[in-house]
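**Student:** I have a structure here, written as structure tokens, and I will follow up with some questions on it.
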Amino acid sequence: MPIEVEFLGGGQEVGRLGILLKHSGSKLLFDYGMTATDPPSYPMSCPPVDILFLTHSHLDHCGMIPWLTARYDINVVSTAISREIGILLMDDSVKIGAAEGYPEPYTSKDIKIARGKFDEISFGDTVNVGKMQVVAHSAGHIPGATMYELRGRRSTLVTGDLHTLDTRLVTGARPVKCDNLIMESTYSGRNHPPRSKTEYALLKKVDEVTRRGGTALIPSFAVGRTQEILLLMKDSKYEYWLDGMGRSVNKIYQRFPEYIRSPKRLRQAINRMNEVRNFRARSRAMKADVIITTSGMLDGGPVLSYIDSLRDDPKSAILLTGYQVEGSNGRKLIETGMMDFKGVSERVQCEVMKFDFSAHAGHDELLAFAKGCSPEKIVLMHGDQREILAGDLRAEGFEVLLPKNREKFTL
Ligand SMILES: [Zn+2]
């Protein structure tokens, strides 16, 4: 029996992923997320399914789970750390939605219902669904990120977001032999500079900024990136402060040390940092060397009030550590030197730089991973430039599929 596949979102785009898979009468959904743009964008509405497998808790993978569990009585298979982070992000997205006046896809009550539906797994565990066994493997993207291997007469691997190199926070993913590979392709056509070079460049810039009497403001995504930067700062001589949602993520990460590459180092990094717990602490942080805070794309959170205070100071610097999506305040700042503050566009005088701390595999790493899995067919998803990687994979002899959202196909 072939497997029938359909993307409800996240096929030819980065974001709002939902992969519907039908096999021998069972209907499985992998991820159900939303893209947190302004306004947010959602996947197609999902028909009744038997079970949901969550790869990891970034909003574009988990953000629509409460919508699903409010309609269908199904289990959500996930690592415990992904559940806790996911609930934190969903609660936050409801708050942001209410503040911005977006129509709500679900309520706080729906999130409570969703919480009760989670079925906890660890790496190496197997879940039986109909005639299939689904095995969980580490995806190396952020702590707890999971790839799912479907074993039946033929095997299929769904990667979710993937990173194959070791970072300070997590160990990279290893290939899994399979017949069909459904792989993310965010960085198709692009490679990252070596991580050690990026780390050195960031530390060198912080050194320059502090020497000239400025403050280095490091906007970072709360989940994963903040902890990666904390681990880097731990070994430096700088006084660093943390503000925003990264603080809650730290607490959750420390509860699940089995998903952290070195729980001891993370604990040391957290113990050495200064935490902004109240308004007074914020003004103390302003005088420090380094401030790490959310949001990573400058679209909200405490980072805006820090930039507002620092923006006329050419000695200070904004050191971006994540991808700045089209339409975000961070992208605007890089391209125009201007930024929105409460709807008013203002010039920022401090230095602005961008550093590539991506948690996704680059082009060559995706290619190497696919070869290591040695599948017959490869489905590329979660990418807006998939053709480049598809070309290189075809040259290696693989059959490659590039389905669009809503396009049904079989494996
Ligand atoms: Zn992700």
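**Student:** Distance from a point 7 Å along Cα→Cβ of residue 95 to each backbone N in segment 209-237: keep the residues under 15 Å and list them by number.
**Tutor:** The answer is 222-223, whose backbone nitrogens lie closer than 15 Å to the label point.
**Student:** Quick check: at a probe of 1.4 Å, how many percent of the accessible area of segment 330-407 sits on carbon and sulfur atoms?
**Tutor:** Result for segment 330-407: 46 percent of the exposed heavy-atom area is carbon or sulfur.
**Student:** Still on this structure, I have one more. At a threshold of 8 angstrom on Cα-Cα distance, excluding pairs fewer than six apart, so keeping six or more, what relative contact order does segment 323-363 reach in percent?
**Tutor:** Normalised by residue count, the contact order of segment 323-363 is 28 percent.
**Student:** What value, in deg cm²/dmol to 500, does the helix sum -39500 (n - 2.57) over DSSP H runs of n ≥ 4 give at 222 nm once divided by the residues of the chain?
**Tutor:** -9500 deg cm²/dmol
**Student:** OK, next. Work out how much length residue 200 to residue 107 would gain on full extension: take 0.36 nm times their residue separation and subtract the Cα-Cα distance, in nm to one decimal.
**Tutor:** 29.1 nm
**Student:** Taking each pair of different alpha-carbon atoms in segment 121-217 once, compute 1/r for the pair, average those values, and report the inverse of that mean as the Kirkwood hydrodynamic radius in Å to one decimal.
**Tutor:** Taking every pair of different Cα atoms in segment 121-217, averaging 1/r and inverting gives 16.0 Å.
**Student:** Packing-wise, with mean Cβ within 10 Å as the measure, how do 355-363, 156-164 rank, highest first?
**Tutor:** 156-164, 355-363
**Student:** Once you order the gyration tensor axes a ≥ b ≥ c over the Cα atoms, which shape class does segment 5-69 get: rounded for a/c under 1.5, otherwise prolate or oblate by comparing a/b with b/c?
**Tutor:** Because a/c hits 1.5 or more and a/b exceeds b/c, segment 5-69 counts as prolate.
**Student:** Helix 386-395 versus the longest principal axis of the chain: what angle, 0 to 90°, nearest 10, using Cα atoms?
**Tutor:** It works out to around 50 degrees.
**Student:** Which semi-axis lengths, in whole Å and largest first, follow from the square roots of five times the eigenvalues of the Cα gyration tensor of segment 279-411?
**Tutor:** That gives 42, 16, 13 Å for the three semi-axes.
**Student:** What are the equivalent ellipsoid semi-axes of segment 1-42, built from the alpha-carbon gyration tensor (square roots of five times its eigenvalues), in whole angstrom, biggest first?
**Tutor:** 25, 9, 5
**Student:** Calculate the all-directions average of the projected area of segment 52-134's alpha-carbon convex hull, and give it in nm².
**Tutor:** 5.5
**Student:** Nearest 0.05, what FRET efficiency do residue 151 and residue 271 give at R0 = 51 Å with Cβ-Cβ as r?
**Tutor:** According to the calculation, E is roughly 0.75.
**Student:** Moving on. Straight-line reach from residue 264: which aspartates and glutamates fall under 15 Å, measuring Cα to Cα and dropping same-chain residues less than 8 apart?
**Tutor:** Of all the aspartates and glutamates, those that pass the test against residue 264 - Cα under 15 Å, at least 8 places apart if same chain - are 228, 235.
**Student:** Quick one: helix 80-100 against the long Cα principal axis of the chain, what's the angle to the nearest 10°, folded into 0 to 90?
**Tutor:** 60
**Student:** Please report, in cubic angstrom per residue, the volume enclosed by the convex hull of the alpha-carbon atoms of the chain.
**Tutor:** So the per-residue hull volume is 128 Å³.
**Student:** Given a 1.4 Å probe, how much area per residue of the chain is accessible, in Å²?
**Tutor:** With the other protein chains kept in place, the chain gives 41 Å² per residue.
**Student:** List the relative contact order of the chain as a percent without decimals, with contacts defined as Cα pairs under 8 Å and 6+ residues apart.
**Tutor:** For the chain, the relative contact order is 19 percent.
**Student:** Using only the alpha-carbon atoms of segment 141-279, report the extent along each of the three principal axes, biggest first, to the nearest angstrom.
**Tutor:** Projected onto the principal axes, the Cα atoms of segment 141-279 cover 63, 35, 25 Å.
**Student:** Could you sort the peptides 385-391, 193-199 by per-residue average Cβ neighbour count (10 Å cutoff), highest mean leading?
**Tutor:** Highest to lowest by the protection proxy: 385-391, 193-199.
**Student:** Which FRET efficiency, nearest 0.05, do residue 288 and residue 123 yield, Cβ-Cβ r, R0 45 Å?
**Tutor:** Efficiency computed from Cβ-Cβ geometry: 0.75.
**Student:** Where does each of 336-347, 37-48 land if you order them by average Cβ count within 10 Å, highest first?
**Tutor:** Packing order, densest peptide first, comes out as 37-48, 336-347.
The values are calculated or read from the model by the stated rules, or taken from the named source; none is laboratory data. Being a predicted model, the structure only gives us computed values, none of them experimental. In this analysis, Cβ positions are derived from the backbone assuming ideal geometry, glycine residues included, and neighbour counts consider all displayed protein chains. Heavy atoms of the whole protein, side chains included, go into the accessibility calculation; ligands, DNA and RNA do not. Shrake-Rupley method; radii C 1.70, N 1.55, O 1.52, S 1.80 Å.
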